[in-house]
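The structure appears right after this line, and notes come after that.
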């Protein structure tokens, strides 16, 4: 997007670097003590990768997620999102960047209450004046169809199951065609079966070329992603490519069928 | 976010919590209705006083003795004796802008007929007084210039006096003789009723006799307590005042630079005095009502603060998907303005309704347009003012904390 200053960067296979962290540190001052949540994290994520970021609580993964989502800025180091340096951006500039480049999926869905699926999905585009009402509606419907909810457009958030709500949330994250999809424990509130359904969806999006970062504490999920970054004590402990990506669809088929079906 | 989107979001938010919105709107409704009603009453009574006064003759001028300075001591006007027969005659003769003139001498006391008595005022006037004060004779006729010349013991009486003395206000009393301060007066006419005026004075509790009679036989004085006149028109009242003032200054041999020993006032001025008194009373009432608007505003601020806290997660979500602080603050500002404006509209409607009922019942009420416009502006300001603090609170939230708020 030409509205942001870019610093494009390509890897050996010609893939664009979407995320680049250069020695990112983040300190919090709690009372008189300084807590080092991130102690110098560096990595690059290229277009089309499906990366899981794992770590126990306290490992700094939430802090890292906030950095990646432009909700927070580093104490030192630099973060480039799609080539755009984020560190010195103002609040309102980062809001705009989130609006254009990032799609969030939260653990607890965070849908607007008493609001239809399609209106929930339209929300990010409400903050983008390049879309008029008609274009917004069309984009929302397309996004809902992409997550398999084309027949639930007018259902309100309280009339849907957890899985359906999370699909709406994913559609909302996709509607602005983001550079990166950031999922924060996106299967945390769902049962095993629905979790696998979600993973099937994420793998489908990955196959379509989406860049996905999935933050989780569940090691099982790493098997379905293309790369796994492990955090401990604010540092990267492990960063490995997954050579043997399991198919979530097969895992789902192997699950015992629910009784009522 | 575009304005139409903001409006839609605000309407959705308001509609999703109807009862709470209604309750917080109620304060504004009551406040605005109170202000409108108070203004309507103020305006209505002002208009009724004006029409009352103009019924008494809008071109009426009154000369009173007064403004007399002797050695720096201002004299009590009632003790002053500056208005004399000469003045009356020269006004009659020289003043071109005066159509009617009547000297006035008053006396109060007991009036008796048979075994009944009442207290009333006897006004000594010339026959022209009927035209000046727009009195009409219902029965009989007015006394004439001949009666004035002879200081005849005749009078015309108001309806209240007739009722008190004869037991029935329609009693045919023309020709009967009543006694006022032990002097017998023959009734020659009965005045058509005027009723109470708007400041509660019974205009029919009155007796009118030739001024000469009252001067010589009752008051035993050679000066007038005032001179009543009609100017040729309401518009030329001021010119008439100047003319009369010049005549009287000459009569009283007042040198240039010296103060008048009398004052000439028009009905216009009396009206203005009355109006300004009314305005003050109205202002006090409106200020009292406006305080209820202030309280209502605080109510809105309170409910908006609750709403902001309740919707912390929503705010966090909106920020995560790209809402800037100002998008969030505008959203809440528009919501509070809409609540207070809706209250304003309903309040104005209610105010109109109550004023209309009051005017049907007989209270003078009239809603001034500027009060309606002012109410809307005040409501918008209240929404803006009291919505600001909650909106700012929302805008300054940290999206990281807000999105995880439980």
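Some notes on this structure:
- Cα gyration tensor shape of the range A:130-183, rounded if a/c is under 1.5, else prolate or oblate by comparing a/b with b/c: oblate
- The range B:286-390: relative contact order as a whole-number percent, Cα under 8 Å and 6+ apart: 45
- Most mobile of A:198, A:230, A:154 in a GNM of chain A (Cα contacts under 10 Å): A:154
- Spin-label model, residue A:114/residue B:138: points 7 Å from Cα along the beta carbon direction are separated by 6.6 nm.
- Antiparallel bridge percentage (DSSP; both residues within the range B:83-260; nearest 5): 75
- Calculated log₁₀ intensity ratio I(q)/I(0) where the Debye formula runs over C-alpha points of the range A:44-138, q = 0.13, 0.15, 0.16, 0.21 Å⁻¹: -0.59, -0.77, -0.87, -1.23
- Spacing of the two label points (7 Å from each Cα toward its C-beta) at residue B:222 and residue A:246, in nm: 13.1
- When Rg and the Kirkwood Rh are both derived from Cα coordinates, the Rg/Rh ratio for the protein assembly as shown amounts to 1.36.
- Here the Debye sum runs over all C-alpha atoms of the range B:345-406 as equal scatterers in vacuum, and log10 of I(q)/I(0) at q = 0.19, 0.20, 0.26 Å⁻¹ comes out as -0.79, -0.83, -1.03.
- Crossing angle, helix B:85-94 versus chain B [Cα axis fit, 0-90 degrees, rounded to tens]: 70
- Overall form of chain B per C-alpha gyration tensor (a/c, 1.5; a/b vs b/c): prolate
- Whether the range B:126-169 is rounded, prolate or oblate, judged on the alpha carbon gyration tensor where a/c under 1.5 counts as rounded: oblate
- Bridge type composition, the protein assembly as shown - antiparallel percent by DSSP, nearest 5: 70
- In the range B:225-358, one over the average inverse separation of all distinct C-alpha pairs is 21.5 Å, which is the Kirkwood hydrodynamic radius.
- Per-peptide average of other Cβ atoms within 10 Å, ordering A:60-71, A:131-142 highest first: A:60-71, A:131-142
- The ratio of the alpha-carbon radius of gyration of chain A to the globular-protein estimate 2.2 N^0.38 Å is 1.01.
- Here the contact order of the range B:83-260, divided by its residue count and restricted to Cα pairs under 8 Å and six or more residues apart, works out to 32 percent.
- Using alpha-carbon coordinates, inclination of helix B:3-15 to the longest axis of chain B, degrees: 80
- Note on chain A: helix-only mean residue ellipticity at 222 nm, from DSSP H runs of 4+ residues weighted -39500 (n - 2.57) and normalised by residue number, equals -9000 deg cm²/dmol.
- For chain B, the longest principal axis of the C-alpha atoms and the axis of helix B:267-310 are separated by about 10°.
- In chain B, the calculated helix contribution to ellipticity at 222 nm averages -18000 deg cm²/dmol per residue, counting -39,500 (n - 2.57) for every DSSP H run with n ≥ 4.
- On the principal axes of its alpha-carbon atoms, the range B:83-260 has extents of 57, 33, 29 Å, going from largest to smallest.
None of the figures in this text is laboratory data; all of them are computed from the coordinates on show. Computed from a predicted model, the values in this text were never measured in an experiment. Because the Cβ atoms are built from the backbone with ideal geometry, glycine has one as well, and the counts that use them run over all protein chains shown.
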